[in-house]
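Okay, so here's the structure we're looking at.
The values are calculated or read from the model by the stated rules, or taken from the named source; none is laboratory data. Here the structure is a predicted model, which means the values were calculated and not measured. Quick reminder, even Gly has a Cβ in these numbers, built from the backbone with ideal geometry, and neighbours come from all protein chains shown.
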Amino acid sequence: MPDLDDLYQEVILDHNRRPRNFHTLAGASHQAEGYNPLCGDRLTLYLRVEDGIITDVGFVGSGCAISKASASLMTDAIKGRSVADARALFTRFHGMVTTPPDVEVEDLGKLSALAGVREFPVRVKCASLAWHTLEAALSRAGKDQV
Amino acid sequence: MTTVAGGQIAPAAAGLPVVPGTPTLPFDVERVRADFPILRRTVRGKPLVYLDNAATTQKPQAVIDALTAYYTGINANVHRGVHELSERATEAYEAARARVQAFFHAAHAHEVVFTRNATESINLVARSFARPRLQPGDEVLITAMEHHSNIVPWQLACEATGATIRVAPIDDRGALIVDEFARLLGPRTVIAAVSHMSNALGTVNPAAEIVALAHRHGVPVLLDGSQAAYHMAVDVQALDCDFYVATGHKLYGPTGIGVLVGKTEHLEAMPPFLGGGDMIRSVSFERSTWNDLPYKFEAGTPNIAGAVGLHAALDYLGAAGFEAVAAHERDLLAYGTAALQDVPGLRIIGTAPSKASILSFVIDGMHPHDIGTIVDREGVAVRTGHHCAQPVMERFGIPATARASLAMYNTRADLDALVGALHRVREVLG
């Protein structure tokens, strides 16, 4: 039986308690709102993109521990990266959380803390919300909702 | 054909004659639990603590047996063949209708229409009753505590006709503000659609008072009994409501069978909802004529087994006796309300003076979704989310709640298990 500790790892609990980059961003070039109507998780993501590099990022909103920690971890992971790199990371992250639990997945550093959601299928959407919001923000500049 | 649980229920509770000299037994929850086979299973290695009854209730053996008996010995299509099985199936189906009539105290069996669920029943009324009457500027009156199924069908009817929806507010406890409801009734109100009992808050509305107020303005009333019907006795004639809807799977019956109970005068005047076989008297390529009530509203092969299962469920509920069931659930609600106070930071959403069988709550700093996942690991099944009542969540300024909802087979031990599991949530989330 999958253990609760696989889901609520210390890294996740820490990012839930003290989310990083948890603020709005003045002068953001990209912004999108993510909403999961199933559980009411809601977040707004702000990006400052200069010359194809995500130079700053922030998010606000409310949600479960998994969605909040995932958003926090994501903002840390993409800050300073190129847009192309961030998108590639989304693909790898998506692969990680949708791979069957018994199959080995690549190590994504701190993001690997979220690999535990594979054992909890209804929670995969919680972990993915921030990333889908990122994609929405990048693909269409300005306000957007996923 | 249907099995009654009378032998397993205390005679007094079952409303059966008590033989002089036999002690009157109180409601025996352990004997009731023994009738529900699923309660014997474990979940994640722990005994199942099922507290998601507002979503669907579990089924007694009598219902499961009735379904098996129907498919084993009777199965045929209804209202068609002259052969033995078809006659037997038709008898069973119509006997189920008569049982529903008796259960809701409807004036006639033809006032009972079988549908798939309460949602379909509401859609039927919205489409066949409201829509032909609605003019631009007309109004449909609902309340702020409605389930999406008692909002969206009216929105569709209003969008198609240029009518608007008015919403009677609720107070901070989740009780309907009846004066505001009365104020919103007017010459443009075509119908009022009101929950008898809220699925998200547990509030029990003063249904008879609401109907009387509306009728004073000549406004017909639909009562959504999805939640009320399995917690309290419902008498549609005493309530004088124009339509009452309920769903079988919350009445300890099978999924896929629902009911609409409507006054004859309305049902007669309404055009059909769906077209097909069984709902017609004659068909030619030029025109068709409609069948009598209730068949006019039952196009196609109905859920015969579902109706038979519902019959058994209503027999079971009838034998248990609403007075005894309601008293037991009142005790659990009071016990659970007090027990939850033991959980730091917990706040109950829905504290109306008149409420039943629902404990909706939030805990400071803990999202309902995390609560649901963690208590599930302890074998405790609760619902988390907006409960198909997003406007209710908005009213209370919260995205979601966790909800424990009670049925006749729940025990104080179930609520103790819930509280224990909630303490575990704090341990895990720290």
**Request:** Consider B:ALA407 carefully, then state whether it is away from every other protein chain (no Cβ under 14 Å), part of a loop (DSSP other than H, G, I, E, B), on the phi < 0 side of the Ramachandran plot and at pLDDT 90 or above.
**Result:** yes
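Given the options B:GLY420, B:GLY372, name the one that is closer than 25 Å to A:ARG123 by Cα and either in a loop (DSSP other than H, G, I, E, B) or in contact with a Ser or Thr (Cβ under 6 Å, 6 or more places away or on another chain) (or both).
Details: B:GLY420 fails: either in a loop (DSSP other than H, G, I, E, B) or in contact with a Ser or Thr (Cβ under 6 Å, 6 or more places away or on another chain) (or both).
Residue meeting the stated conditions: B:GLY372.
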**Request:** Spot the failing condition for B:ARG424; the list is (1) among the basic types (Lys, Arg); (2) touching a strand residue (DSSP E or B) at 6+ places or on another chain (Cβ under 8 Å); (3) within 11 Å of another protein chain (Cβ to nearest Cβ), and only one is missed.
**Result:** (2)
**Prompt:** Of everything in the stretch B:339-367 that's at pLDDT below 95 and within 14 Å of another protein chain (Cβ to nearest Cβ), which residue is surrounded by the most Cβ atoms within 10 Å (Cβ to Cβ)?
**Reply:** B:HIS367
**Prompt:** Here are B:GLU180, B:GLU159: which of them is at pLDDT 95 or above and under 27 Å from B:PRO353 (Cβ atoms)?
**Reply:** B:GLU180
**Request:** Scan (1) more than 10 Å from chain B (Cβ to nearest Cβ); (2) at pLDDT below 95 for the single condition A:ASN16 breaks and write down its number.
**Result:** (1)
**Message:** Given (1) in contact (Cβ under 8 Å) with a residue 12 or more places away in the chain; (2) among the small types (Gly, Ala, Ser); (3) closer than 23 Å to B:ASN123 by Cα, identify the lone condition not met by B:ALA212.
**Reply:** (3)
**Message:** Condition first: part of a loop (DSSP other than H, G, I, E, B), within 13 Å of another protein chain (Cβ to nearest Cβ) and either acidic (Asp, Glu) or buried (at least 18 other Cβ atoms within 10 Å of the Cβ) (or both). Now tell me which residues in the stretch A:26-71 satisfy that.
**Reply:** A:CYS39, A:GLY40, A:GLY63, A:CYS64
**Item:** Any hit, the stretch B:33-41, residues being out of contact with any strand residue (DSSP E or B) (no Cβ under 8 Å at 6 or more places or on another chain), farther than 30 Å from A:LEU4 by Cα and free of Cβ contacts under 8 Å to residues at least 40 places away in the same chain
**Value:** yes
**Request:** Would you mind stating whether A:GLN9 is away from every other protein chain (no Cβ under 13 Å), more than 13 Å from the chain's Cα centre (by Cα) and buried (at least 16 other Cβ atoms within 10 Å of the Cβ)?
**Result:** no
**Item:** Selected residue [more than 14 Å from chain A (Cβ to nearest Cβ) and not in a helix (DSSP H, G or I)] from B:THR57, B:THR68
**Value:** B:THR57
**Message:** Here are the criteria: (1) part of a helix (DSSP H, G or I); (2) at pLDDT below 90. Tell me which single one B:ILE38 does not satisfy.
**Reply:** (2)
**Request:** Please report, ordered by residue number, the helices (runs of 4 or more DSSP H) entirely within the stretch B:249-364 with at least 2 residues that are small (Gly, Ala, Ser) and closer than 22 Å to B:ASN117 by Cα.
**Result:** B:304-320
